[in-house]
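The values are calculated or read from the model by the stated rules, or taken from the named source; none is laboratory data. Keep in mind that what you see is a predicted model, and the values were worked out from it rather than measured. Virtual Cβ from ideal backbone geometry, glycine too; neighbours counted across all protein chains shown. Quick note on the areas: whole protein, heavy atoms, side chains included, nothing else; ligands and nucleic acids left out. Shrake-Rupley method; radii C 1.70, N 1.55, O 1.52, S 1.80 Å.
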Amino acid sequence: MHIHLVGADLEENLALGILAAVAERQGHGATVLCFNDDSDRAAVVGAVTRAQPELVGLSVQFQHRSREFLNLARALRQAGYRGHVTAGGQFPTRAYREVLEGGHGVDSVVLYDGEETLAELLAALDRGSALGEVPGLALCGGDGRAWRTPARALVRDLDAVPHAKRYRPHSRHVGVPFIPITGGRGCWGRCTYCSISAVYRDAREHGPARLLRLRSPESLAEEMAALWHAAGGKAIFCFHDENLLLPRPE
Ligand code: B12
């Protein structure tokens, strides 16, 4: 199968880079398409209708852009795209009913971490088996109502997550490669206004989930070294972690 992954690319999108690596590890092809605002819609629709991938994955990390992504899904359907459209990221995870019941042409939502669920969704689509058996999804029933498949635990070992596919050349700042990377996920804080806290606490209400997960320094150093060498021995690493300030010195 070939899949298209669509999302913000103001800085390299690690969510899409990691999911592309997951799909390629399974033997599928994966293309990342930039969708920074509505002006990118025509290019995305054009690329999808030309290539007709089996799946399009929308990464809706920002609530303020949710309307743009749902309009994009509608535009794909109006352009005749009949493949599977799935959405992931913080917004669809929390608003899966609105995304699935709104007639936007979205077939499924991958809740919380995407690695394992996307891999199984691709396998089920490949085999033609029932999506309701894939844990960690939200789907739309025959009655037009959204429902959740069995819960899936958040990824326990972040060291086992494949390194993000670097789907474009790194941006450069003062000529130096600028390389986004993550060392962990989640936050121990409980700020009432922050969707990060809301999403991970919601995950914990639906299954085994730790609010804060860290990679091992060894795994992180190995990836940084590989990227540094590949970038010619100079790099600015930008951590896309939610929070680098941890509660205890150790
Ligand atoms: C990196 C980042 C940025 C970067 C780069 C974004 C880009 N790619 O272009 C920059 C600095 C540009 C940025 C800007 C902004 N950001 Co910002 N950003 C982040 C940050 C810190 C990390 C996102 C990330 O890549 N995480 C690493 C990956 C691995 O984790 P992930 O995204 O959760 O992805 C996993 C799952 O969600 C899922 N998944 C995600 N996408 C998909 C797609 C599919 C198909 C599937 C199956 C699964 C899936 O699988 C992934 C792997 O498990 C997040 C914090 C967060 N936790 O999300 C804030 C965050 C997304 N940003 C936020 C905000 C508000 C903004 C700004 C609006 C701030 C501002 N006022 O300007 C701007 C908007 C920019 C714009 N014009 O649109 C908020 C969004 C809140 C909300 N719910 O709407 C967040 C959550 C931070 C917060 N404190 O709340 N941001």
Next on the checklist: Whole-Hz ³J(HN,Hα) for each residue in region 117-123, computed from phi via Karplus 6.51 cos²θ - 1.76 cosθ + 1.60 with θ = phi - 60°, x for glycine and proline: what do you get?
Outcome noted: 5, 4, 4, 6, 4, 5, 5
Checklist entry - Out of the DSSP beta bridges found with both residues in the chain, what percent are antiparallel (nearest 5)? => result 35 percent
Checklist entry - Antiparallel as a % of all DSSP beta bridges within region 3-146, to the nearest 5? => result 20 percent
Item to check | Kirkwood Rh and Cα Rg combined as Rg over Rh, evaluated for region 2-148 | outcome: 0.92
Checklist outcome for this item: Sorted list, accessible surface of protein heavy atoms, 1.4 Å probe, largest first, for 107, 113 is 107, 113
Checklist entry - At each listed q (0.07, 0.08 Å⁻¹), what is the log10 of I(q)/I(0) that the Debye formula gives for the chain modelled as equal alpha-carbon point scatterers? => result -0.23, -0.31
Item to check | Per residue accessible area of region 158-239, 1.4 Å probe, in Å² | outcome: 55 Å²
Checklist outcome for this item: Bounding extents of region 158-239 in its principal axis frame from Cα atoms, largest first in Å, are 45, 27, 21
Checklist outcome for this item: In terms of the alpha carbon gyration tensor, root eigenvalues a ≥ b ≥ c, rounded if a/c is under 1.5 and otherwise prolate when a/b exceeds b/c or oblate, region 118-160 is oblate
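In Å², what does the accessible area per residue of region 20-155 work out to with a 1.4 Å probe? Intermediate results must be reported in sequence, preceding the final value.
Values: 5810 Å² over 136 residues.
Heavy-atom SASA per residue in region 20-155 reads 43 Å².
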Checklist outcome for this item: The long-range amide H neighbours of residue 184, using H built 1.01 Å from N in the peptide plane and a cut-off of under 5 Å, are 215
Next on the checklist: Amide H of residue 29 versus every other amide H placed in the peptide plane: which residues, excluding those fewer than 5 positions away on the same chain, fall under 5 Å?
Outcome noted: 2, 3
Next on the checklist: From the phi angles alone, apply the Karplus equation (6.51, -1.76, 1.60; θ = phi - 60°) to region 76-85 and give each ³J(HN,Hα) in whole Hz, x where the residue is Gly or Pro.
Outcome noted: 5, 5, 5, 7, x, 6, 10, x, 8, 10
Item to check | Estimated dipole of the chain in Debye, rounded to 20 [Cβ of Lys and Arg +1, of Asp and Glu -1, Cα centre] | outcome: 300 debye
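Express the carbon and sulfur contribution to the solvent-accessible surface of the chain as a percent, rounded to the nearest whole number, probe 1.4 angstrom.
54 percent
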Item to check | Whole-Hz couplings from phi, Karplus 6.51/-1.76/1.60, listed for region 101-116; x for Gly and Pro | outcome: 8, x, x, 8, x, 8, 8, 8, 10, 8, 7, 6, 4, x, 3, 6
Checklist entry - For residue 85, which sequence-distant residues (separation of 5 or more, or a different chain) have an amide H within less than 5 Å of its own amide H, given hydrogens modelled in the peptide plane? => result 56, 107, 108
Checklist entry - Separation of region 145-202 and region 4-39 by C-alpha centroid, Å? => result 13 Å
Checklist entry - Using Cα pairs under 8 angstrom and six or more residues apart, how large is the relative contact order of the chain, in percent? => result 17 percent
